[in-house]
Amino acid sequence: MASLPTLTKPISETSFFLPKLSNLEFSRSKIRPLTRSNVFKNSTFSSDGQYGPTFDVPLLSCSEVIERMRTSREGHNTKQLYLAMYSSVFGGITTDTAAMVIPMDDHMVHRGHGIFDTAAIMDGYLYELDQHLDRFLGSATMAKIQIPFDRESIRRILIHTVSVSKCREGSLRYWLSAGPGDFQLSSSGCHQATLYAIVIKDQSPPDHRGIRVVTSSIPIKPPQFAVMKSVNYLPNALSKMEAEENDAYAAIWLDGDGFVAEGPNMNVAFVTKEKDFLMPCFDKILSGCTAKRVVVLAENLVKEGKLRGIRVENVSVEDAKRADEMMLIGSGVLVRSVVQWDEEVIGNGREGPVTQALLNLLLEDMKSGPPTVRVPVPY
């Protein structure tokens, strides 16, 4: 790496300087979106990347920052709308996306010291809120994050945030962080753990077509971290990207013993040739709330004779790939058929009838299930 140049003139006479504050223009009418073209408008770059005399980085007031963030978001093409956010930092809810921010010194940002969870919103009800909240609090304990509110207070905050959003179809995602305080490694300097929540409306149309998956080459998380829903999702993101690079929907992890584990943000399950519903054990992977609910709903198919039985056990790759059906299960994907894994076609290469039946049962449960899984939102 090249060494930094030695200054041979006083700083005031060198060609590299920041503009004086008196030269900055702050009037709202002159605020421009922050882009490379206007930040470096009068700068010249040499072949080694050195820049010249008018490096125009304005000093902005708080209101100007908010205005630029609002303008910047207007140009975003996204299929997701953020309808409301709660933050314990400012102790309330906002519906302004420009204000949906968290402090840079929050340890969830720069150290990954935080946990999260998600609940679906269906027909004005929160689906499996209590089940997800139990896992959320369990993850907080494993992550050694002191919970700032009691369980019932968190529950009320989450329901009220959805109520304010007026969202009747979407999802609620919420985080618990060690909190802001400093840029140290330990959270001992954090003032208090922080709770955040965002209501998201996804405008993508539902897609239940069969998909292809590949085996992930990204190392799976050790069980201690895999069983908690922390914000440390770099392995998950890289696994998903690996799948996309190979024209697949998801990449499947194997555990340390070579058994089938899970996808990057969903569980996997199979229907054997003997018509057993087969799901990997949860002792080394995330205990999926939707997956566990599907296991309960699958009992209906046993009663109808569409399944012989239900087994939760170690699953070898060989047994998995010769199954009649394979599916991904999660709060986002719901229940979706896998028709090919690597080069192996699963079953007849079409969406499986048991997979479709389980999807229908789950959708019915989300719309008209018992009060234990559906929490009404008072709009």
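The values are calculated or read from the model by the stated rules, or taken from the named source; none is laboratory data. As the structure is a prediction and not an experimental result, all values here were calculated from the model. All Cβ positions, glycine included, derive from the backbone under ideal geometry; neighbour counts span all protein chains shown. Each accessible area value is taken on the protein alone, full model and side chains, heavy atoms only, with ligands, DNA and RNA left out. Shrake-Rupley method; radii C 1.70, N 1.55, O 1.52, S 1.80 Å.
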Residue selected from the stretch 302-317 under the condition more than 25 Å from residue 265 (Cβ to Cβ) and not in a strand (DSSP E or B), by the criterion least open to solvent (accessible area, probe 1.4 Å): 307
Residue in the stretch 263-283 that is open to solvent by 50 Å² or more (accessible area, probe 1.4 Å), at negative phi, without any contact (Cβ under 8 Å) to a residue 24 or more places away in the chain and not in a strand (DSSP E or B) present: no
Leading residue by the ranking (farthest from the chain's Cα centre (by Cα)) among those in the stretch 250-261 that are touching a residue at least 40 places away in the same chain (Cβ under 8 Å) and under 19 Å from residue 210 (Cα atoms): 252
Given (1) among the polar types (S, T, N, Q); (2) open to solvent by 10 Å² or more (accessible area, probe 1.4 Å); (3) over 18 Å from the mean Cα position of the chain (by Cα), number of the condition residue 97 does not satisfy: (3)
Count - residues of the stretch 336-379 that are in a loop (DSSP other than H, G, I, E, B), open to solvent by 40 Å² or more (accessible area, probe 1.4 Å) and in contact with a Phe, Trp or Tyr (Cβ under 7 Å, 6 or more places away or on another chain): 0
Residue in the stretch 224-231 that is among the charged types (D, E, K, R) and open to solvent by 70 Å² or more (accessible area, probe 1.4 Å) present: no
Residue among 291, 323 that is hydrophobic (A, V, I, L, M, F, W, C), under 24 Å from residue 142 (Cα atoms) and buried (at least 19 other Cβ atoms within 10 Å of the Cβ): 291
Residue count, the stretch 149-191 (criterion: surrounded by fewer than 21 Cβ atoms within 10 Å (Cβ to Cβ), at pLDDT 95 or above and part of a loop (DSSP other than H, G, I, E, B)): 10
The listed residue being small (Gly, Ala, Ser) and within 21 Å of residue 340 (Cβ to Cβ), out of 251, 226: 251
Selected residue [among the acidic types (Asp, Glu) and within 22 Å of the chain's Cα centre (by Cα)] from 274, 244: 244
